[in-house]
1. Being under 30 Å from A:Glu63 (Cα atoms) and not in a helix (DSSP H, G or I), is that true of even one residue in region B:38-49?
2. Out of the residues in region B:191-225 that are small (Gly, Ala, Ser), touching a residue at least 12 places away in the same chain (Cβ under 8 Å) and more than 8 Å from chain A (Cβ to nearest Cβ), state the one that is farthest from B:Ala61 (Cα to Cα).
3. For region A:18-28, name all the residues that are at the interface with chain B (Cβ under 9 Å from one of its Cβ atoms) and out of contact with any Leu (no Cβ under 6 Å at 6 or more places or on another chain).
4. Confirm whether B:Ala177 is closer than 26 Å to B:Phe214 by Cβ, within 14 Å of chain A (Cβ to nearest Cβ), part of a helix (DSSP H, G or I) and among the small types (Gly, Ala, Ser).
5. Are any residues in region B:199-252 assigned to a helix (DSSP H, G or I), closer than 25 Å to B:Ala6 by Cβ and either in contact with a Lys or Arg (Cβ under 6 Å, 6 or more places away or on another chain) or hydroxyl-bearing (Ser, Thr, Tyr) (or both), and if so, which ones?
6. A:Leu31 - would you say it is assigned to a helix (DSSP H, G or I) and closer than 20 Å to B:Ala207 by Cβ?
7. Being among the basic types (Lys, Arg) and facing chain B (nearest Cβ under 8 Å) is the filter; apply it to region A:40-89 and report the residue that is nearest to A:Gly12 (Cα to Cα).
8. Could you tell me which of the residues B:Ala132, B:Ala112, B:Ala141, B:Ala126 is modelled with pLDDT of 60 or more and either assigned to a loop (DSSP other than H, G, I, E, B) or within 18 Å of B:Phe182 (Cα to Cα) (or both)?
Amino acid sequence: MNRAVARALWAGTLTGVGLCAAATLARALDLAVAPRLAQLGVIALFITPPLRLAVVAGAFWREGSRRHAAAALVVLGALLVTAARAALL
Amino acid sequence: MLAALALAAIGMLAGSLGALLGIGGGVIVVPALSELYGVPFRHAVAASLVVIVASSSASSAAYVERGAANLRVGVVLELATVAGALLGSAVAGFAPIPALKLLFALVALYSAVMLWIGRRGASDSADASAQAVHGWVPGLAMSTVAGAISGLLGVGGGLFKMPGMTLAMGIPFKVAAATSNFMIGVTAAAGAYVYFARGDLDPQLAAPLVVGVFAGAMLGSSLLPRLPARRLQGAFAMLLVFLGGRMIWGVLGGAR
């Protein structure tokens, strides 16, 4: 489980940080694309916690730890509802 | 260019301390942005929450890979922290700024005292599975408070989670730090979504901070196994006293 969770964390983090680094560079060079890159970087970082929770819930479920899987799914549900509300406003 | 570099430097400091001490680094970012840069407090909190998501994701990936975090404890406590974060970030939308700043200072000073007291009982054990976990009720209560404080002040909640896990639940300091790091990103994301929905989040402010915090978190998590837990807690307690005092001075000075 640890390896799968770590991979999910790395994927989201590196994408988000990479886009933020590109945004910082673009801002330093006064490029018009900087705000868009920064927004995409933040969105990539925002996706990482729900992604990690989904991986954790799946891993607990496969291990037979149903209570821990349910806890992770409840938290995931709360995050997704809040994120959807933020995206729609 | 200089502003982006300065923001990245603040992020790097926050990231390394966050990884070393099991906090999100918001305790550095929020006062630095609001007191030194004059960024509106809610915008500073929102940027700090994004930084905390990046910091937590980067450092906890390393911890989880090594098996240092207790994920079973983490997912249960996250139920409480996320509920608290949603409540706290909603309240932050209408709470007066001086009150939020004073609360920030009080939280910092309280945590300094708790960490200084708990320093004597700090364990250097790094085994995530061997310890017997107890005190779930105070642990969940502290986690709810930690989540609410995170949503209100953009501090990640490690300030409350760490004493809760080490003192109330008997989890060794290094395991608690790794588990706290794993949880902090989820807690901060819940709060950040609410700030984003309210229009308080400026991605261009957050981006250079994220770059710095990522580099700092990598440095901090690689140093953690080599550093003694007691000294870390003591140093952090002193830093909190300084930041809390600085914030109180700023609010009371501004009121005159």
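The values are calculated or read from the model by the stated rules, or taken from the named source; none is laboratory data. If you're wondering where the values come from, they're calculated on a predicted model, not measured in any experiment. Cβ coordinates were reconstructed from backbone atoms using ideal geometry, including for glycine residues, and neighbour counts include every protein chain displayed.
1. no
2. Among those residues, the one meeting the criterion is B:Gly191.
3. A:Cys20, A:Ala21, A:Thr24, A:Leu25, A:Arg27, A:Ala28
4. The answer is no for B:Ala177.
5. Listed by number, the residues that qualify are B:Ser221, B:Ser222, B:Met247, B:Val251.
6. On the way: assigned to a helix (DSSP H, G or I): no; closer than 20 Å to B:Ala207 by Cβ: yes.
In short, no.
7. Of the residues in region A:40-89, the ones among the basic types (Lys, Arg) are A:52, A:62, A:66-67, A:85.
Adding the requirement that they be facing chain B (nearest Cβ under 8 Å) leaves A:52, A:85.
Details: A:Arg52: 9, A:Arg85: 21 Å.
My answer is A:Arg52.
8. Details: B:Ala112 fails: either assigned to a loop (DSSP other than H, G, I, E, B) or within 18 Å of B:Phe182 (Cα to Cα) (or both); B:Ala141 fails: either assigned to a loop (DSSP other than H, G, I, E, B) or within 18 Å of B:Phe182 (Cα to Cα) (or both); B:Ala126 fails: modelled with pLDDT of 60 or more.
Residue meeting the stated conditions: B:Ala132.
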